[in-house]
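The values are calculated or read from the model by the stated rules, or taken from the named source; none is laboratory data. Since the structure is predicted, the reported quantities are computational estimates derived from the model, not experimental observations. Using ideal geometry, Cβ is built from the backbone for each residue, glycine included, and neighbour counts are taken over all protein chains shown. Ligands, DNA and RNA are stripped out before the accessible areas are found, and what is left, the full protein with its side chains, is counted by its heavy atoms. Shrake-Rupley method; radii C 1.70, N 1.55, O 1.52, S 1.80 Å.
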Amino acid sequence: MSAESNEAGGRPGGASDEEASAGSRRDEVDRLVSAWRHERPDLDVSPLEVLSRVTRLARHLDRARRTAFAERGLETWEFDVLSALRRAGTPYQLSPGQLLTQTLVTSGTMTNRIDRLTAKGLVVRGPDPSDRRGVLVRLTDSGREVADAALTSLLKNERELLAALSDQRLGELADLLRELTIQFEYE
């Protein structure tokens, strides 16, 4: 492969698709990248090799999460709120503002969510002793049990998604993904 074709969308280091995947299994992303390289040799399509796989993994992760939560009678958003409270530690309570920050929803949405979780007996509202006008949302014992069970199911499903990688490779992947995602943390 010439330097020109490498700049025009070939694999880094000048390896062809066939050379790069020789002895390894090819996935659907390999096939679509190869097709794009054939059809648009003028473009560097290498970002697709990473981000198309991330997108596909996100779909599998979404299914795994929905399954884990459904087993406990929860929607994803319910787990988000319950897990934020559970992570807060004893007495498992946060202000609605703190919940907003952790779940990235609007105040109207959070009010609706707290109402629905209260109706299910998973959280209760109470006065904030440090602010007479404030409210704290606290996880009930039932809410804590549901959150813990859902987390256990979620982690089991997520481990299955990552089973093809050794602990060392998982650590390397986590480090690489952190490098990519940290740029979005402070937008």
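Out of all the residues in segment 50-95, which are free of Cβ contacts under 8 Å to residues at least 24 places away in the same chain and open to solvent by less than 30 Å² (accessible area, probe 1.4 Å)?
Matches in segment 50-95: S52, A84, G89.
Let me confirm something: among E160, E179, which residue is surrounded by fewer than 13 Cβ atoms within 10 Å (Cβ to Cβ) and touching a residue at least 60 places away in the same chain (Cβ under 8 Å)?
Selected residue: E160, the only one of E160, E179 that is surrounded by fewer than 13 Cβ atoms within 10 Å (Cβ to Cβ) and touching a residue at least 60 places away in the same chain (Cβ under 8 Å).
Quick check on segment 96-126: of everything there that is surrounded by 15 or more Cβ atoms within 10 Å (Cβ to Cβ) and among the β-branched types (V, I, T), which residue is nearest to L85 (Cα to Cα)?
The qualifying residue nearest to L85 (Cα to Cα) is V123.
What's the number of the condition S142 fails, among (1) without any contact (Cβ under 8 Å) to a residue 60 or more places away in the chain; (2) closer than 22 Å to T76 by Cα; (3) touching a helix residue (DSSP H, G or I) at 6+ places or on another chain (Cβ under 8 Å)?
Going through the list (1) without any contact (Cβ under 8 Å) to a residue 60 or more places away in the chain; (2) closer than 22 Å to T76 by Cα; (3) touching a helix residue (DSSP H, G or I) at 6+ places or on another chain (Cβ under 8 Å), S142 breaks only (3).
Being basic (K, R), assigned to a helix (DSSP H, G or I) and closer than 30 Å to R53 by Cα, is that true of even one residue in segment 139-160?
Scanning segment 139-160 turns up at least one residue that is basic (K, R), assigned to a helix (DSSP H, G or I) and closer than 30 Å to R53 by Cα.
Please give the number of the condition D80 fails out of (1) touching a Ser or Thr at 6+ places or on another chain (Cβ under 9 Å); (2) in a helix (DSSP H, G or I); (3) farther than 30 Å from L170 by Cβ; (4) among the charged types (D, E, K, R).
So D80 meets the others, but not (3).
Filter segment 131-155 down to the residues that are within 22 Å of the chain's Cα centre (by Cα) and among the hydrophobic types (A, V, I, L, M, F, W, C) and list them by number.
V146, A147, A149, A150, L151, L154, L155
Does segment 163-176 hold any residues that are over 29 Å from L74 (Cα atoms), open to solvent by less than 100 Å² (accessible area, probe 1.4 Å), part of a helix (DSSP H, G or I) and of a type in the set (A, V, I, L, M, F, W, C), and which are they?
L173
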